[in-house]
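What follows is calculated from the coordinates using simple rules that are stated; it is not laboratory data. All figures in this text were calculated on a predicted structure; none of them were measured in a lab. Glycine also receives a Cβ, built like all others from the backbone with ideal geometry; neighbour counts cover every protein chain displayed.
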Amino acid sequence: MNILSIIDKAIIKHGHETAILKFLPENRYNTDIFKTTGQYDWFSGQVLYCLVRYLQPRRIIEISTASGYATMFMALALKQNNWGRIDTHEINPKAAQSAENLFAVHGLKKYINLMVGDARKTSINSPSDYSIYFLDSIHTEEFARWFIEQHVMRSERIDAIFHMHDILPLTARVRRWNTPPFEGSDLDPSYRIDQTKRFKYRIRKLLHLRTDEIEDTVQIQTYPPNDGEDLQTFDGNCTTEAIWGNKLVDMMPKEDHLFLYDIADSYSLLNPREYDQHAIGRTDSKGNPMEWNESLWCKVAAVKSAYTNLNKAKNP
Ligand SMILES: C[S@@+](CC[C@H](N)C(=O)[O-])C[C@H]1O[C@@H](n2cnc3c(N)ncnc32)[C@H](O)[C@@H]1O
């Protein structure tokens, strides 16, 4: 089955259950509950819940937990399944403690094994039979490569699926912190890099990230306004992970990967735009607040062969 069909069937079967998840977006910025801000959009969360309900996984690996926002969507689904466990890793002890508290309050502890520390150490002895490989950590190419080498390439399950967060298709046209236009962007590429650094500073403050978690900088391509609009846009990808992730996707058959950005308006019964007004720093091409649904889902088998081919192409 292709990845769109899997997600479609999961939504058809379990989409009606997702109203029980609304307390999550409603408390997304409540620091009494989430010590660090959860950054997982409403439709992405609904899909995540439905996938876990539909696939009934025995094991999920997640890097990183932060304060448990995305973990909650998965764990609440496991609770409904009455089966399965998430191995999740987080380097920030305060965020991890906040997550543990939340899991306890919702009676989810038996579904979650939270390991505190650098995932590059804490996950080394993990099993190789996960059904879902969930990556939402430091958004660098280096870290994504590490996760794929260490976990995805060792995966033994033919039906396993992979998730990367904070990535959009190259065809996306959005605005961040009410830009672009990036100052001088049509004149000198180095200006674009400066602007990217400024975004990253603001995002680091918002997410309470440490300085060593600042992501690498990338150049941003801007696009002129569409007919009838007067704002410039870009594709929303501003990390080395997202740029590299798109190269990886480019090596995969179309049916083996899916950007949720592309389908978020296809499931109106789920009310996927209910929390768009709450989006911080993210807008559509007209400057209206918008959840971008920055989630990429792929088949693990496709990730493995794309990764091998991408490396071959780099080192022929
Ligand atoms: C984008 S946030 C994760 C958001 C989370 N999925 C949620 O739903 O709120 C990235 C997290 O990665 C953590 N992190 C960064 N480097 C890490 C590492 N080497 N090992 C484990 N966690 C790490 C950060 O502390 C931060 O909490």
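Counted by neighbouring Cβ atoms within 10 Å, the residues VAL218, VAL300, VAL47, VAL105 run from fewest to most as VAL105, VAL218, VAL300, VAL47. Translational diffusion of the chain, estimated by Stokes-Einstein from the Kirkwood radius over alpha carbon pairs at 25 °C in a medium of 0.890 mPa s, is 123 µm² per second. Only the Cβ atoms of Lys and Arg (+1) and of Asp and Glu (-1) were treated as charged; on that basis the dipole of region 45-143 about its Cα centre amounts to roughly 480 debye.
With Rh defined as the Kirkwood radius, the inverse of the mean 1/r over Cα pairs, the Rg/Rh of region 1-137 is 0.95.
The Cα atoms of region 69-161 define a convex hull whose projected area, averaged across directions, is 6.1 nm². From the cross-link list LYS9/LYS110; LYS9/LYS299; LYS110/LYS304; LYS254/LYS299, which pairs have alpha carbons spaced over 20 Å apart? In this structure, LYS9/LYS110; LYS110/LYS304 exceed 20 Å between Cα atoms. For region 122-167, the equivalent ellipsoid derived from the alpha-carbon gyration tensor has semi-axes of 18, 13, 8 Å in decreasing order. Taking the longest Cα principal axis of the chain as reference, the axis of helix 93-105 is set at about 50 degrees.
Fewest neighbouring Cβ atoms within 10 Å first, the residues GLU62, GLU255 line up as GLU255, GLU62.
Rounded to the nearest 10 degrees, the angle from helix 141-150 to the longest Cα principal axis of the chain is 20 degrees. Three semi-axes describe the equivalent ellipsoid of region 271-316; taken as square roots of 5 times the Cα gyration tensor eigenvalues and ordered largest first, they are 36, 14, 6 Å.
The overall shape of region 247-288 is oblate: from the C-alpha gyration tensor, with semi-axes ordered a ≥ b ≥ c, the ratio a/c is 1.5 or greater and a/b is no larger than b/c. Per residue, the chain reaches -11000 deg cm²/dmol at 222 nm when only DSSP H runs of four or more residues are counted, each adding -39500 (n - 2.57). Simple rule: put +1 on each Lys or Arg Cβ and -1 on each Asp or Glu Cβ in the chain, find the dipole, and look at SER305, HIS163, ALA99; the Cα lying farthest toward the positive end is ALA99. Between the Cα long axis of helix 42-55 and the first principal axis of the chain there is an angle of about 30°, rounded to the nearest 10. Sorted ascending by nearby beta carbons within 10 Å, beginning with the fewest, GLU229, GLU156, GLU141 become GLU156, GLU229, GLU141.
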